[in-house]
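Enquirer: Take a look at this one; I'll ask things after.
The values are calculated or read from the model by the stated rules, or taken from the named source; none is laboratory data. Source: prediction; values computed, not measured. Backbone-built Cβ (ideal geometry, glycine too); neighbour counts: all protein chains shown. Remember, those area values only see protein heavy atoms, side chains included, never the ligands or the DNA or RNA. Shrake-Rupley method; radii C 1.70, N 1.55, O 1.52, S 1.80 Å.
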Amino acid sequence: MTEIATLLRRPPKRKPIRVAVLYNVDFEDGPDGDPGYEARADVAAVAAAMVTTLSDGVHEAHLVPVDGDMHVLRDRLTELDPECAFNLCESLAGDARLETAVPLILELMGIPCTGSPPGALSSALYKDRVKRRLEEAGVPTPPARVMTGRNDACDLPFPLIVKPVREDGSAGITSRSVVHDEASLRERVAEVVATFHQPCLVEQFIPGRELNVALFGFPTARVLPLQEIDFSLLPSHEPKIVSYAAKWEEGSVADKGTRPVLHPQLPAGVAARVRRVAVEAFRAFGMRDYGRVDVRLSNAGIPFVVDVNPNCDLSRHAGMARAAAAVGIDYPSLAKLLVRYALRRRRAAATGVPLVRRSAIRNREESLTASSRSVPHL
């Protein structure tokens, strides 16, 4: 009788938290004609890693491939009935402009999802809009012009860097992207427009150092340790940039010549300025949960924001995971914290308790706090 009474007093076993891991499958047709294929294909490996990481008994993770048919996606989510979605979609049908469709569907269905809201993702899709938003927020960023063809006017001083206006993952960035004269500029613009079928952002190139600033947390994000791209192994004739080859072509000259370094040696005042402009950029776009801000540091020690990425690479060896690990957040913890943040938003919506107030109560439950002396708050 005593054993039966003990069993009756035990609380019922909790059901696992059902998580839908959404990822785009527009890479499955193969690389033919897709200049950003490697970047798109990488998401499948990240999604599989997240499912493995979250299949821990506490969570029950399900892969949900997204091919662009929103009716199929809605039906699949209705059938699965997840408590939250882990959103890894970066494009649909090979078009990064459709990135916001998935979080919009999730929002309409009342399913909380990880990462930034649709508005933040939309604002960061077009590099010319990013530039305008940064300027309006007073965040230092290099001047730029949009060129739709080789004959468009451009009044900026050289050197310049030419980028497709609505690609990410360094798609369209090569050693030829940094130009030093009119002929090279016109040739590169024509090449990018023909390849990507979109205008170019032509930006003043800032010689100097390149830093990545990762931010993580909700509702209060924190600046994780800075990372610098070490260009010392690049051949002297190569521009000091992170090209598409550097990111996605393992073993290439560009890959071997661009190594991320944690805790770069910077004067305290310069490091503080870099963190400050990254925080300002994060806030200006309304980013949430996590994000990365790319900064060029001029030879005079002035930081310029050159890109913001609210949906940055979450693979195990990417910059976000590396920076998080430096403050004690291992990869499984990173994934589970992101799920927790999404569920926290659902609970807050149900109870009406402001999240800022809740964060003060829960501030110590995350491993970030253990390193709070070196990781400033936003």
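Enquirer: Scan the chain and hand back the longest stretch that contains none of the trypsin sites (Lys or Arg not before Pro) lying in DSSP loops with at most 14 other Cβ atoms within 10 Å.
Expert: Looking at the chain, 177-372 is the longest stretch - no exposed trypsin sites (Lys or Arg not before Pro) with at most 14 other Cβ atoms within 10 Å.
Enquirer: Continuing with this model, one more query. Of Glu107, Glu79, Glu167, which is the most mobile in a GNM of the chain whose springs link Cα atoms less than 10 angstrom apart?
Expert: Result: Glu79 has the largest fluctuation of those listed.
Enquirer: Among Pro117, Pro235, Pro159, determine the one that fluctuates most according to a GNM of the chain built with springs between C-alpha atoms less than 10 Å apart.
Expert: Per the Cα network of the chain with a 10 Å cutoff, Pro235 tops the list.
Enquirer: With the chain treated as a Gaussian network of Cα nodes joined by springs under 10 Å, which of His180, His237, His317 yields the largest mean-square fluctuation?
Expert: With Cα springs under 10 Å in the chain, the top fluctuation among His180, His237, His317 is at His237.
Enquirer: First check a/c for the range 160-245, with a ≥ b ≥ c the square roots of the eigenvalues of its C-alpha gyration tensor; if it is under 1.5, answer rounded, and if not, answer prolate when a/b is larger than b/c or oblate otherwise.
Expert: Oblate is the answer for the range 160-245, as a/c is 1.5 or above yet b/c matches or exceeds a/b.
Enquirer: On a straight-distance basis, which aspartates and glutamates could pair with Lys256 in a cross-link, Cα separation under 18 angstrom, same-chain partners fewer than 8 positions away excluded?
Expert: Here the aspartates and glutamates satisfying the reach criterion relative to Lys256 are Glu38, Glu210, Glu228, Asp230, Glu238.
Enquirer: In the range 53-115, how does Rg compare with the Kirkwood Rh, expressed as the Rg/Rh ratio over alpha carbon atoms?
Expert: So for the range 53-115, dividing Rg by the Kirkwood Rh gives 0.96.
Enquirer: Reachable lysines from Lys336, Cα under 23 Å, same-chain residues fewer than 8 places away excluded?
Expert: Once the sequence-local lysines are set aside, what remains near Lys336 is Lys13, Lys15.
Enquirer: With a 1.4 Å probe and all protein chains in place, put Val306, Val64 in order of accessible area, largest first.
Expert: Highest to lowest solvent-accessible surface, that is Val306, Val64.
Enquirer: Now for a different question. Would you kindly find the accessible area of Ser170, with a 1.4 Å probe and non-protein molecules such as ligands, DNA and RNA excluded, rounding to the nearest 10 Å²?
Expert: Rounded to the nearest 10, the figure is 20 Å².
Enquirer: Need the list of lysines near Lys127 for cross-linking: C-alpha distance under 23 angstrom, and skip anything on the same chain fewer than eight residues off.
Expert: Lys163, Lys240, Lys247
Enquirer: Hey, can you find the accessible area per residue of the chain for me, probe 1.4 Å, expressed in square angstrom?
Expert: I get 47 Å² per residue for this part.
Enquirer: Then there is this: What accessible surface, in Å², does a 1.4 Å probe find on Asp128, ignoring ligands, DNA and RNA and rounding to the nearest 10?
Expert: It works out to around 40 Å².
Enquirer: Still on this model: What's the angle, to the nearest 10 degrees (0 to 90), between helix 182-196's Cα axis and the longest principal axis of the chain?
Expert: Tilt of helix 182-196: around 40 degrees.
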